[in-house]
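For reference, the structure discussed in these notes is given below.
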Amino acid sequence: MNFSHFVRIDRGRRGQERHFVVHMHDPKFTVEFTPELATPGQGTIKRICVPNSWAGDYGRYAKLLAAAQEFFTESNAGPGGRG
């Protein structure tokens, strides 16, 4: 899959790690993930920040969210991944 529109941001603060995937093109959105302890590299969606214009076509955006979750998983498995 082409993940060129996604960027992963990992932040650590006070012993707490936060993991974000940002979709850089329209529609722009951010997804925060909680890493799965039972299955390293996997993540559960914790928070989604989307523009108000997302109201309505949920099927279209569900595909983008699934792609963001797949990107998160792939970025853990790739070179330099933390998973």
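The values are calculated or read from the model by the stated rules, or taken from the named source; none is laboratory data. Just so it is clear, the model here is predicted, and its values are computed rather than measured. Note that we place each Cβ from the backbone using ideal geometry, even for glycine, and neighbour counts take in every protein chain shown.
Here Glu74 meets the list (1) exposed (fewer than 11 other Cβ atoms within 10 Å of the Cβ); (2) within 14 Å of His19 (Cα to Cα) almost entirely, failing just condition (1).
Residues checked against (1) modelled with pLDDT of 80 or more; (2) aromatic (Phe, Trp, Tyr); (3) in contact with a helix residue (DSSP H, G or I) (Cβ under 8 Å, 6 or more places away or on another chain); (4) part of a helix (DSSP H, G or I):
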{"site": "His25", "(1), (2), (3), (4)": "yes, no, no, no"}
{"site": "Val31", "(1), (2), (3), (4)": "yes, no, yes, no"}
{"site": "Ser53", "(1), (2), (3), (4)": "no, no, no, yes"}
{"site": "Arg60", "(1), (2), (3), (4)": "no, no, no, yes"}
{"site": "Leu64", "(1), (2), (3), (4)": "yes, no, no, yes"}
{"site": "Ala67", "(1), (2), (3), (4)": "yes, no, no, yes"}
{"site": "Gly83", "(1), (2), (3), (4)": "no, no, yes, no"}
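Can you tell me which residue in the stretch 13-36 is nearest to Lys63 (Cα to Cα), limited to those that are surrounded by 10 or more Cβ atoms within 10 Å (Cβ to Cβ) and more than 13 Å from the chain's Cα centre (by Cα)? That would be Pro27. Checking each residue in the stretch 12-45 for being among the basic types (Lys, Arg) and over 14 Å from Phe72 (Cβ atoms) picks out Arg13, Arg14, Lys28. The criterion of being free of Cβ contacts under 8 Å to residues at least 40 places away in the same chain and surrounded by 15 or more Cβ atoms within 10 Å (Cβ to Cβ) does not hold for Thr39.
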